[in-house]
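First, the structure itself, so that you have it in front of you.
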Amino acid sequence: MQIPNYKDFMSESKRIKILELLKTPEKTGIGNNVTIKGWVRTKRGNKNVAFIALNDGSTIHSIQVVVDLANFDEELLKLVNTGACISVEGTLVESPGAGQSVEVHATQIHVYGSADPEVYPLQKKGHTLEFLREIAHLRPRTNTFGAVLRIRHNMAFAIHKYFNDKGFYYIHTPIITGSDAEGAGAMFRVTTLDITNLPKTETGDIDYSQDFFGKSTNLTVSGQLNGELAALALSEIYTFGPTFRAENSNTPRHLAEFWMIEPEMAFYDITDNMDLAEDFLKYLIRYALDNCYDDLEFLQKMYDNELLERLNFVTNNDFERLTYTRAVEMLMASGQAFEFPVSWGVDLQSEHERYLVEKVFKKPVILTDYPKEIKAFYMKQNEDGTTVRAMDVLFPRIGEIIGGSQREEDYEKLVARIHELHIPEKDMWWYLETRKFGTAPHAGFGLGFERLILFVTGMANIRDVIPFPRTPQSAEF
Ligand code: ATP
Ligand code: MN
């Protein structure tokens with residue numbers, strides 16, 4: 001049997017990406033025939049010729065398609081409006097116009113789908129980001145969201161590359177969890193019970209033994225506890241998955257569904273953990289500068305004229321490291337009128353974090369050794385009896401981007417803390433056994449993926465760096 005050449009019968013595969021044509025036109029060759037496909041951004045021209053800006057999402061740049069009106073049916077061209085999807089066959093020509101190296105002179109146009117200009121919501125003029133959130137199904141077709149989504153992809157890829165190159169293993173932790181002990185935030189319940197007719201126990205409580213898993217379950221707020229189990233076998237692991245928090249905080253930095261990267265390392269102490277976090281963040285930002293320059297340049301021009309400078313600055317300077325106690329002293333001595341007053345023991349708010357980063361040190365800051373009362377049960381207790389070996393990485397414009405710690409590896413101390421906090425020990429038996437059998441010093445942290453994308457893109461609202469945001473009162477699309 002003869003195996004057909006895939007390309008021979010796949011006429012669609014003749015298509016060339018616009019990125020390739022613009023970046024390496026010599027590969028195709030001036031004067032040669034090309035097929036491009038994409039969505040019309042704009043159409044302008046005069047009675048003899050039309051100029052179409054065509055974009056296929058492979059790059060922020062659109063390619064100019066020149067249409068000699070004498071060669072085309074008027075009815076066909078009427079369908080080629082902003083938003084229409086078309087296929088163009090034509091000749092690759094050096095462009096006389098400024099700002100573009102090559103253009104395509106059309107010999108054939110096929111319209112896959114037109115877009116009625118009377119109702120297509122994405123017209124040429126700039127739309128507000130708020131309006132674009134209401135049409136999240138179409139906003140990937142804007143330059144802004146094309147740029148954000150390409151950067152998001154590159155960052156996800158770079159995260160896997162970074163850890164793979166360092167010998168970390170990617171672990172998939174469960175999304176449905178039976179433990180609600182993480183304490184990282186309010187949880188979404190997962191159930192198949194009939195909520196209009198809940199089964200009750202003799203004492204009048206909801207009878208979860210009749211639920212799908214035979215117990216009460218939720219969507220996870222973090223993969224860490226499961227990640228630790230794997231780190232205590234494979235030494236260095238990371239997770240990268242969705243997490244869910246039902247916190248009703250309507251801020252530009254919180255989502256109800258977000259993605260988190262959580263490395264967990266056996267034989268790392270808090271300093272190793274900080275070194276890794278700093279190196280990791282610098283690597284990712286450098287990767288964006290090296291691989292997403294056109295998109296970053298566009299975002300800088302549109303939204304944030306200090307973006308590239310800020311990204312370069314962070315990759316080139318050491319992060320400031322100091323204790324929570326020292327930071328609180330500095331905040332109290334600052335004379336600033338904060339909305340939330342500061343004293344030793346309070347959880348720092350984003351206004352405090354940003355003051356330290358943006359006003360005091362003017363660079364990223366890592367705070368360590370927080371009061372144990374405001375941190376999770378699993379953090380390693382310091383000798384002073386009041387603080388734990390926590391580390392939060394604070395970034396300009398964002399506040400907390402990473403939260404992490406060295407973990408308590410001592411079984412007795414961990415159990416004592418669980419009792420103090422009234423966490424049901426019976427739910428944690430599997431976690432506690434890792435400290436009973438071959439325990440090891442270990443540490444890890446969680447990076448909020450969307451907070452990273454916020455920083456790298458310079459966007460101001462977390463709803464604009466995830467394709468389809470989930471926030472209070474909002475789960476459309
Ligand atoms: P915050 O104090 O900012 O609400 P947190 O202390 O509750 O955050 P952690 O539990 O330490 O957050 O989670 C680790 C990381 O996950 C944070 O540093 C942040 O980058 C990210 N993160 C936490 N909550 C959210 C959220 N609701 N939306 C997006 N990212 C989040
Ligand atoms: Mn935190």
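Tell me, Ser179, Ser222 in order of fewest to most beta-carbon neighbours within 10 Å?
On the way: Ser179 17, Ser222 23.
Arranged by neighbour count, lowest to highest, Ser179, Ser222 become Ser179, Ser222.
Can I ask one more? Once phi is turned into ³J(HN,Hα) by the Karplus curve 6.51 cos²θ - 1.76 cosθ + 1.60 with θ = phi - 60°, what whole-Hz value does each residue of segment 155-163 show in order, with x for glycine and proline?
5, 4, 5, 5, 4, 5, 5, 4, 6
Using per-residue counts of other Cβ atoms within 10 Å, averaged over each peptide, order 423-432, 18-27 from highest down. Please report the intermediate quantities before stating the final value.
On the way: 423-432: 13.3, 18-27: 15.4.
Order by mean packing, descending: 18-27, 423-432.
Give the relative contact order (percent, whole number) for the chain; include only Cα pairs under 8 Å separated by 6+ residues. Show your work: numbers first, answer last.
Details: 843 pairs, mean separation 60.9, N = 477.
Relative contact order, the chain: 13 percent.
Quick check: from the Cα gyration tensor, does segment 115-243 come out rounded (a/c under 1.5), prolate or oblate? Don't skip to the end; give the middle numbers.
Values: a/c = 3.88, a/b = 1.33, b/c = 2.91.
Cα axes put segment 115-243 in the oblate bin.
Right, something else. Need the full-extension length gain, Lys14 to Thr315, defined as separation in residues times 0.36 nm minus the C-alpha distance. One decimal, nm.
Here the answer is 104.3 nm.
If you don't mind, there's one more thing I want to ask. Work through the residues other than Pro341 whose Cβ is under 13 Å from its Cβ and net out their charges, Lys, Arg +1 and Asp, Glu -1.
Working: positive: none; negative: Glu339, Asp347, Glu351.
Value of the local net charge: -3.
Once the Cα atoms of helix 307-316 and of the chain are each reduced to a long axis, what angle between those two axes, in degrees from 0 to 90 to the nearest 10, is obtained?
For 307-316 against the chain, the angle is about 50 degrees.
Find the relative contact order for segment 8-113 and round it to a whole percent, using C-alpha pairs within less than 8 Å whose residues are 6+ positions apart.
Relative contact order comes out at 28 percent.
Let me ask another. Calculated FRET efficiency, Lys23 and Ile176, Cβ-Cβ r, R0 45 Å, to nearest 0.05? Walk me through the numbers before you get to the answer.
Details: r = 44 Å, r/R0 = 0.98.
Approximately 0.55, to the nearest 0.05.
I've got another one for you. For a bin width of 5 Å, list the pair-distance distribution of segment 8-113 built from all Cα-Cα distances, rounded to whole %.
Values per bin, smallest distances first: 2, 13, 26, 28, 19, 10, 2, 0.
Once the other residues with Cβ under 9 Å from the Cβ of Ala460 are scored (Lys, Arg +1; Asp, Glu -1), what is the net sum? Each step should come with its number before you reach the end.
Values: positive: Arg397; negative: Asp304, Asp464.
Cβ neighbours under 9 Å give a net charge of -1.
Let me ask something else about it. Of all GluC sites (Glu not before Pro) in segment 296-398, which ones are in loop regions per DSSP and have a Cβ with at most 13 other Cβ atoms within 10 Å? Show your work: numbers first, answer last.
Numbers: sites: Glu297, Glu306, Glu309, Glu320, Glu329, Glu339, Glu351, Glu353, Glu358, Glu373, Glu383; in loops: Glu306, Glu339, Glu383.
Listed in order of number, the matching sites are Glu306, Glu339, Glu383.
Assuming R0 = 60 Å, can you tell me the calculated FRET efficiency for the pair Glu373 and Asn48, based on Cβ-Cβ distance, to the nearest 0.05? Provide the component values of the computation, followed by the final result.
Numbers: r = 76 Å, r/R0 = 1.26.
E(calc), rounded to 0.05, equals 0.20.
Still on this model: Which value in nm describes the separation of the simple spin-label points at Lys362 and Ser249, placed 7 Å from the Cα toward the beta carbon?
2.9
With a point put 7 Å past each Cα toward its Cβ, work out how far Ala156 is from Gln123 in nm, to one decimal.
3.4
Another question about this same structure. When Val365, Val190 are ordered from fewest to most other Cβ atoms inside 10 Å of their Cβ, what list results?
Details: Val365 21, Val190 18.
The most exposed by this proxy come first: Val190, Val365.
Suppose R0 equals 60 Å; then what is the FRET efficiency for His105 and Phe338 from their Cβ-Cβ distance, rounded to the nearest 0.05? Write down the numbers at each step before the final one.
Values: r = 62 Å, r/R0 = 1.03.
Using R0 = 60 Å, I get an efficiency of 0.45.
Now for a different question. Show that you can apply the helix-only estimate: for the chain, add -39,500 (n - 2.57) for every DSSP H stretch of four or more residues, divide by all residues, and state [θ] at 222 nm to the nearest 500. Working shown, then result.
Values: 15 runs with 144 residues, N = 477.
-8500 deg cm²/dmol, from helical runs alone.
Hey, another quick one. How far is helix 224-234 tilted, in degrees, relative to the longest principal axis of the Cα atoms in the chain, given as a value from 0 to 90 rounded to the nearest 10?
With rounding to tens, the tilt is 90 degrees.
Only counting other Cβ atoms within 10 Å, I'd like Lys362, Lys125 sorted with the fewest neighbours first. Could you put the intermediate results ahead of the total?
On the way: Lys362 13, Lys125 5.
Fewest-to-most Cβ neighbours within 10 Å comes out as Lys125, Lys362.
Also, I was wondering about something else. Say a paramagnetic label sat at a point 7 Å from the Cα of Trp430, along Cα to Cβ; which residues of segment 198-235 have their backbone N under 12 Å from it?
Counting only backbone N, you get 225-230.
Sticking with this one: Stick to the Cα atoms of the chain, pair each with every other, and give me the Kirkwood hydrodynamic radius in Å at one decimal.
25.8
Only the coordinates and a few stated rules stand behind these numbers; no lab work does. These numbers were taken from a predicted model, which means no experiment stands behind them. All Cβ positions, even for glycine, are placed from backbone atoms using ideal geometry, and neighbour counts span all protein chains on display.
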